[in-house]
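Input: a single structure, listed below in C-alpha cells.
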Protein chains: 2
Amino acid sequence: MVGDKWSVLIIGTLAEGPIRYSDLTAAIPGISQRMLTLTLKHLRRSGLVTRTAYAEVPPRVEYALPPLGASLLDTVLALAAWSADHQAEIRHHQATFDATTARND
Amino acid sequence: MVGDKWSVLIIGTLAEGPIRYSDLTAAIPGISQRMLTLTLKHLRRSGLVTRTAYAEVPPRVEYALPPLGASLLDTVLALAAWSADHQAEIRHHQATFDATTARND
C-alpha cells in the first residue's frame, strides 16, 4: 500500500514533473534524508517512481512519475487533501485520547 | 496519515457497520492480533474509529466508523480499489527490481 504520509507527499510533489533529489528534500519539509531515500526506493520498487541518471558532468539524477504512479495521483491527492482538511480535528482527538489514556494508566 | 494497508482494510470493513473484534480478525485475512490491536488503537486515537463496550454478560465490544472515519471512506475505498487493480503490475515491478538489485550487489 502506498498511502503512508511520505509516499503521498513524494507522489504529490512529482505530479509537477521530474525533479532532482535535492529539490525533493526542499519540497517536503520534515522528511529526513534516510526516509526520503527509503521511500523513493520503495516507490521505485513498486514501479510508481522512476529514477533517471543523466551522463553529464556533474551527474544529474531525476525522479519522475511513470504512468503507474500517475494513475494513483488523484487518490493520493484526495488523501492528502482529506488529511489537510481534518488535521485540526484529528489533533483534537489525539489530545483527548492521550489525556484519557494517561488518566487510566 | 491513514493510507497504510491495515488501516485501509479496517476502515473498509467497518463501512458495513459496527463489528466485534473477533469478526474484524475474521474479515481481514493475514492481519495479526498485534497489528489489529495496534492499528485499531491508532485509528481510535485519531477519532476515525470508535470502540463501544456494552455492559452485558458476556461483555460485548464493538468497533464502528464515526462521521470523521466515514468521511474518509470514499478515498480509502479508492485506494484499496487502485491497489487491487494494480497488484499484478506492482508485483511484476517488484520482481524486476529485486532481480536487478541482486545482480548489482
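In the full protein assembly as shown, how much of A:Asp85 is accessible to a 1.4 Å probe, in Å² to the nearest 10? Accessible area, nearest 10 Å²: 120 Å². With label points defined 7 Å past Cα in the direction of Cβ, position B:Tyr21 shows copy-to-copy spacings of 4.5 nm, given to one decimal and shortest first. For B:Asp85, the label point sits 7 Å beyond Cα toward Cβ; its separations from the matching points on the remaining copies run 2.1 nm, from shortest to longest. The distance from the alpha carbon centre of region A:60-89 to that of region A:1-53 is 10 Å, rounded to a whole number.
Taking label positions 7 Å along the Cα-Cβ direction at both B:Met35 and B:Tyr21, the computed distance is 1.8 nm, reported to one decimal. Using the Karplus relation 6.51 cos²θ - 1.76 cosθ + 1.60 with θ = phi - 60°, the per-residue 3J(HN,Hα) values for region B:31-36 come to 7, 7, 4, 5, 5, 5 Hz, with x marking Gly and Pro.
Expressed to the nearest 5 percent, the antiparallel share of DSSP beta bridges inside the protein assembly as shown is 100 percent.
Within the assembled protein chains, the solvent-accessible surface assigned to A:Glu56 is about 80 Å², based on a 1.4 Å probe. The H on the amide N of A:Val49, modeled in the peptide plane, is under 5 Å from the matching H of A:Arg44, each at least 5 residues off or on a different chain.
Accessible surface of A:Tyr21, taken over heavy atoms with a 1.4 Å probe and every protein chain present, rounds to 50 Å².
Within chain A, the ratio Rg/Rh, alpha carbon atoms throughout and Rh by Kirkwood, equals 1.11.
Of all beta-carbon atoms in chain A, the one sitting closest to the axis that brings chain A onto chain B gives A:Gly3, 1, with the distance in whole angstrom. Our coupling estimate for region A:59-64, obtained by passing each phi through the Karplus curve with A = 6.51, B = -1.76, C = 1.60 and θ = phi - 60°, is x, 10, 10, 10, 10, 8 Hz, Gly and Pro reported as x.
Distances between copies of A:Arg103, taken at a point 7 Å out from Cα along the Cα→Cβ vector and listed shortest first: 6.2 nm.
Roughly how many Å² is the accessible area per residue of region B:5-104, as a whole number, for a 1.4 Å probe?
Details: 5660 Å² over 100 residues.
For region B:5-104, the solvent-accessible area averages 57 Å² per residue.
Interface A/B, total buried accessible area with a 1.4 Å probe, nearest 100 Å²?
Values: alone 7250 and 7260 Å², together 11890 Å².
The A and B chains share an interface burying roughly 2600 Å².
Going from the chain on its own to the full set of protein chains, region A:29-49 has these residues losing 40 Å² or more of accessible surface (heavy atoms, 1.4 Å probe, no ligands, DNA or RNA): A:Arg45, A:Ser46. Per residue, the convex hull spanned by the Cα atoms of the protein assembly as shown measures out at 157 cubic angstrom.
The values are calculated or read from the model by the stated rules, or taken from the named source; none is laboratory data. Keep in mind that this is a model prediction, so the values were computed, not measured. Glycine gets a Cβ as well: all are built from the backbone with ideal geometry, and neighbour counts include every protein chain shown. Remember, those area values only see protein heavy atoms, side chains included, never the ligands or the DNA or RNA. Shrake-Rupley method; radii C 1.70, N 1.55, O 1.52, S 1.80 Å.
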